[in-house]
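The values are calculated or read from the model by the stated rules, or taken from the named source; none is laboratory data. On a predicted model such as this, the values are computed, not experimentally measured, just so you know. Using ideal geometry, Cβ is built from the backbone for each residue, glycine included, and neighbour counts are taken over all protein chains shown. Calculation scope for accessible area: heavy atoms of the full protein, side chains included, ligands and nucleic acids excluded. Shrake-Rupley method; radii C 1.70, N 1.55, O 1.52, S 1.80 Å.
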Amino acid sequence: MKPLGPIPAGYAAIDGELAIGGARVSQWAEQAGRTPLFVYSKELIAQRFADLRAAMPERLKINYAIKANSFAPLLAYVSTLADGLDIASGGELDMVRATGFDLGRVSFAGPGKRDAELEAAIAAGVTLNLESEAEAERALAIAARLQKQPRLAVRVNPDFELKGSGMKMGGGPKPFGIDAARVPQLIKRVHAAGADIRGLHIFTGSQALNADAVIDMQAKVLDCADRLAREAGVTLPKLNMGGGYGIPYFPGDEPLDIVAVGEALEARFAALPDTLADAELFIELGRYLVGEAGVYLTRIVDRKDSYGETYVITDGGLHHQLAASGNFGTVVRRNYPVAIASRFIADAEEVANVVGCLCTPLDRLADKAYLPRAEVGDLVAVFCAGAYGASASPSAFLGQGPAAEMLV
Ligand SMILES: *Cc1c(COP(=O)(O)O)cnc(C)c1O
């Protein structure tokens, strides 16, 4: 038997069945007309924003990194709650544009921005988080051609990283950002070229659950930003401090203590250096805002035994939930929180492997999980599916196509 990850708070049962958004999951599946299906809860997203804002200094602004989940209705909803949106491609710019969100509150990070993407962003007044000196020169040339003052921030590759984070995005050689030592020079260059300097972006990692690590990282980010601004001889209108707040996915994971993180930030904000005194201060989060607010529902189409083990075979799989299968940035495969949604409060009585319908041994949703006995037709729920599920899985694999999605 292998343990399952913790089911996030906020999920209840109605008539013994998992409920989300006030209705049984089978009702949502019926309404969608098919499975697999992602269901995202507005109520849980709103609650998450409210809890976060209550814990954080009032001055802190919260951006949503839309790559976590860009399902149009969800994006439209989150854009009413977030202070800004962070994008990482021209395609994401188009998605944000479609919501009618103020593009002046959008920033565009990510390596390998093509000229057409730079042009669309500059024309729209989006802030570019520059990832290299060469990108800066291309942006300046495009802006000159458009006769538009570009809004430019510099993404820093700092000389530290977010300890214990699931995915490191700073510290040492990286494709992201510009090595800290070269940043002052670049700020001077784009300033001299007449750009509207929008400050710095320092993102150091993702999926951190340890408050001390986050507090330490945020302190270093503030120190680093101050040092670079002083060396460049500017004050910063904006500082995007990154984020990296994680959510519990696996057995033994504990939620991040955002109250502790907020208190530490409050103390730092009370004593900011001159370079940051008037800065707008941001964090940018993806999974923390929406990850726990979504469930992936898939229906059991077969059950079988093989050499003494039970297999429950669903109509879903890694083509929608790559991360839950253990194939998206994990070294050792561990179980996500998974439940038999249609028997949510039934007692566990068998050990089963929950797999998808793809013809590959990688397609696993839960290994040796202790679950209620499930039959063909039952619904399986994979939790923590609100982020990096639909948007980060290879839905074209094996001709399966995308899952249905609903915001309720
Ligand atoms: C992916 C990404 C995020 C969001 O990461 P989460 O782990 O979902 O919070 C934020 N900022 C940048 C620059 C990113 O690339």
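Taken together, the residues in region 264-314 that are assigned by TED's automatic domain parsing to the domain that holds residue 184, in contact (Cβ under 8 Å) with a residue 12 or more places away in the chain, of a type outside the set (S, T, N, Q) and more than 16 Å from the ligand (Cβ to nearest atom) amount to 13.
Among the helices (runs of 4 or more DSSP H) lying completely within region 115-230, list those that include at least 2 residues that are away from the ligand (no atom under 15 Å from the Cβ), acidic (Asp, Glu) and over 23 Å from the mean Cα position of the chain (by Cα).
The qualifying helices (runs of 4 or more DSSP H) are 115-124, 133-146.
The residues of region 243-297 that are part of a strand (DSSP E or B), within 17 Å of the chain's Cα centre (by Cα) and at pLDDT 95 or above, listed by number, are 245, 282, 283, 284, 285, 294, 295, 296. On inspection, residue 190 fails the criterion of being of a type outside the set (Ser, Thr, Tyr), closer than 30 Å to residue 337 by Cα and open to solvent by less than 10 Å² (accessible area, probe 1.4 Å).
Only residues that are under 12 Å from the mean Cα position of the chain (by Cα) and open to solvent by less than 40 Å² (accessible area, probe 1.4 Å) were counted in region 66-76, giving 4.
In region 171-184, the residues that are closer than 17 Å to residue 217 by Cα and open to solvent by less than 60 Å² (accessible area, probe 1.4 Å) form Cβ pairs under 6 Å with partners that are in a strand (DSSP E or B) and of a type in the set (Lys, Arg), at six or more places apart or across chains, as follows: 177/155.
Of all residues in region 77-94, those that are surrounded by 19 or more Cβ atoms within 10 Å (Cβ to Cβ) and not small (Gly, Ala, Ser) total 6. Of all the criteria given as (1) surrounded by fewer than 17 Cβ atoms within 10 Å (Cβ to Cβ); (2) away from the ligand (no atom under 12 Å from the Cβ), the one not satisfied by residue 101 is (1).
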